[in-house]
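Here's the structure we're looking at; comments come further down.
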Amino acid sequence: MTTTHTSLCTYRVKAGQEAAFEALLAKHWPTLQRLGLATDTPSLVYKGHEVMDREHKVQGPVFYTEVFTWTSPEGPMKAHEVPEVMGIWGPMAELCEDRGPGRPAMDFPGVTPLSLFG
């Protein structure tokens, strides 16, 4: 039985809102960890663009991906009950946008690590 839950979070940030979003994202994992909702392993955060051209130059709208592990599978639901967390999540959501079919403003699939190489 899994005692933790890893989330792969994708945030599609509105143009011009990157700095404001990054300021909130910098508070996200530390807040969850301090409240006992996320493990002590810091989140991994990546920034990318929705489109690459033929020369592999990035262009198009920005997105961020964050990977972190909750201390329990119930962590995401518990977090919705914590005003301090909602004080980060609400403004984060306002800075994000849907990008067509299959690309919601924010996406949070749970993932399980695989050991493929020994």
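Of note:
- L25 being at pLDDT 95 or above and either open to solvent by less than 80 Å² (accessible area, probe 1.4 Å) or charged (D, E, K, R) (or both): yes
- For region 18-27, the criterion of being among the small types (G, A, S) and over 28 Å from G102 (Cα atoms) is met by no residue.
- Failed condition for P30, given (1) of a type outside the set (S, T, Y); (2) at pLDDT below 95; (3) over 19 Å from E97 (Cβ atoms): (2)
- Residues within region 76-96 that are buried (at least 17 other Cβ atoms within 10 Å of the Cβ) and either in contact (Cβ under 8 Å) with a residue 60 or more places away in the chain or part of a strand (DSSP E or B) (or both), tallied: 4
- Residues satisfying the stated conditions in region 100-118, i.e. surrounded by 12 or more Cβ atoms within 10 Å (Cβ to Cβ) and at pLDDT 90 or above: P104, A105, M106, D107, F108
- Meets criteria (within 15 Å of the chain's Cα centre (by Cα), open to solvent by less than 70 Å² (accessible area, probe 1.4 Å) and closer than 19 Å to Y11 by Cβ) for P42: no
- Considering each residue of region 60-68 in turn, at least one proves to be touching a residue at least 40 places away in the same chain (Cβ under 8 Å), of a type in the set (D, E) and crowded, with 17+ Cβ neighbours inside 10 Å.
The values are calculated or read from the model by the stated rules, or taken from the named source; none is laboratory data. Note that the structure is predicted; figures quoted are calculated from it, not measured. No Cβ is skipped: glycine too gets one built from the backbone with ideal geometry, and neighbour counts run over all protein chains shown. Areas reflect the complete protein model, heavy atoms only, side chains present, ligands, DNA and RNA absent. Shrake-Rupley method; radii C 1.70, N 1.55, O 1.52, S 1.80 Å.
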